[in-house]
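K.L.:
Sharing a structure, written as structure tokens. Questions coming.
The values are calculated or read from the model by the stated rules, or taken from the named source; none is laboratory data. None of these values were measured; they are calculated from a predicted model. Cβ sites come from the backbone with ideal geometry, for glycine too, and all protein chains shown count toward neighbours.
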Amino acid sequence: MRLSVLLLLLVAVLFGSGYWYTTMMGGCFRPITYRIGTIDASFAIAQDEVLRLTRAAERMWEDASGKDLFVYDEAGDLVINFVYDNRQQFAEHEATLRQELDDRKDVSDSVRDQYETLLNSYGALQESYQQQSAGYEVRLRAYNAEVAKWNEEGGAPEAVFADLEARQVALGAEQTELNTIARKLNGLVQEMNALSAKGNSVITDYNEIVDQYNERFTEEHEFTQGDYRSNIINIYQYDSFDELQIVLAHEMGHALLLDHVDGEESIMYHLMEAQSLETGITEADMAALTARCGAGWSPFWSFFTVFNI
């Protein structure tokens, strides 16, 4: 009888210990099993891509700790869902405005380059016009003076008269060329004025979009790209696959029952700030994991893995 009671007590202790380690120390003494749940089609991301990024997020923690903290299992306890709501819509709107800003900046840069090209062309043509015009005025005055002289003398000799006629024709052609250049200069001025107006319009639009962007997107928001609740990770928003990997790593940190830590570069920081895949898991993140699991958790690892606790 006493043996039966002791066996029951032992089973209860082992079961209770297993439950405690599974629920409270999951990841520390045995890997957390996870699976991909539902993915809202609005995200337009394939399950294979989600799994690839989740495994990459898993490796961030495991490479830093040297432990097998997570393992993919189609019947895993931890479920990762992608829930489409106003947060992703908000992110898509932000991306749209950012693209509009980039587009207008590209247009503005293009307009500026075109304007500078026209301005250089105008300057070169104007300098040529001024030089030719100055020479033309000198030749025209000399011609008029000589014509006036011969008129006072009653007429020019035949040879001189023929030369004056040839000079008159040449001056006429020169005047026609100068008029053509003047029209080109006027055309360049009109083009520059049109480009200037276009540039001003683009800048006005750009500033309006900047105001919209700053009004909606420059305030700090809590880390709302995802959350972790009772063995469920819900992903709500991401701007890129790199950011999604960071969000997954953050929520997997919560699955390890880690709280937020200080340091804008830390994966477990409460805002999406300066985190990067290059920086990865920081010392502050690892300090939180060590505090959670205990500095010497490794000696017990194999025991609970062998008994599948």
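K.L.:
What's the number of the condition E116 fails, among (1) within 32 Å of the chain's Cα centre (by Cα); (2) part of a strand (DSSP E or B)?
P.N.:
Condition not satisfied by E116: (2).
K.L.:
Let me ask another. Among the listed residues G135, G155, G187, which satisfies the condition of being at positive phi and either out of contact with any Leu (no Cβ under 7 Å at 6 or more places or on another chain) or assigned to a helix (DSSP H, G or I) (or both)?
P.N.:
Numbers: G135 fails: at positive phi; G187 fails: at positive phi.
Result of the check over G135, G155, G187: G155.
K.L.:
So, L140, is that one within 20 Å of E191 (Cα to Cα) and of a type in the set (A, V, I, L, M, F, W, C) or not? Steps first, please.
P.N.:
Numbers: within 20 Å of E191 (Cα to Cα): no; of a type in the set (A, V, I, L, M, F, W, C): yes.
Judged against the criteria, L140 is not a match.
K.L.:
Still on this structure, please answer the following. Exactly one condition in (1) of a type in the set (S, T, Y); (2) modelled with pLDDT under 85; (3) outside any helix (DSSP H, G or I) is not met by Y238; state its number.
P.N.:
The number of the failed condition is (2).
K.L.:
Another question about this same structure. Determine whether the stretch 198-207 contains at least one residue that is surrounded by fewer than 15 Cβ atoms within 10 Å (Cβ to Cβ), within 20 Å of D285 (Cβ to Cβ) and either small (G, A, S) or modelled with pLDDT under 85 (or both).
P.N.:
No, the stretch 198-207 contains no residue that is surrounded by fewer than 15 Cβ atoms within 10 Å (Cβ to Cβ), within 20 Å of D285 (Cβ to Cβ) and either small (G, A, S) or modelled with pLDDT under 85 (or both).
K.L.:
I'm checking my understanding of the structure. Among residues of the stretch 259-298 that are loosely packed, with under 14 Cβ neighbours inside 10 Å and among the acidic types (D, E), which one is nearest to C28 (Cα to Cα)?
P.N.:
Restricting to residues being loosely packed, with under 14 Cβ neighbours inside 10 Å and among the acidic types (D, E), the top hit is D259.
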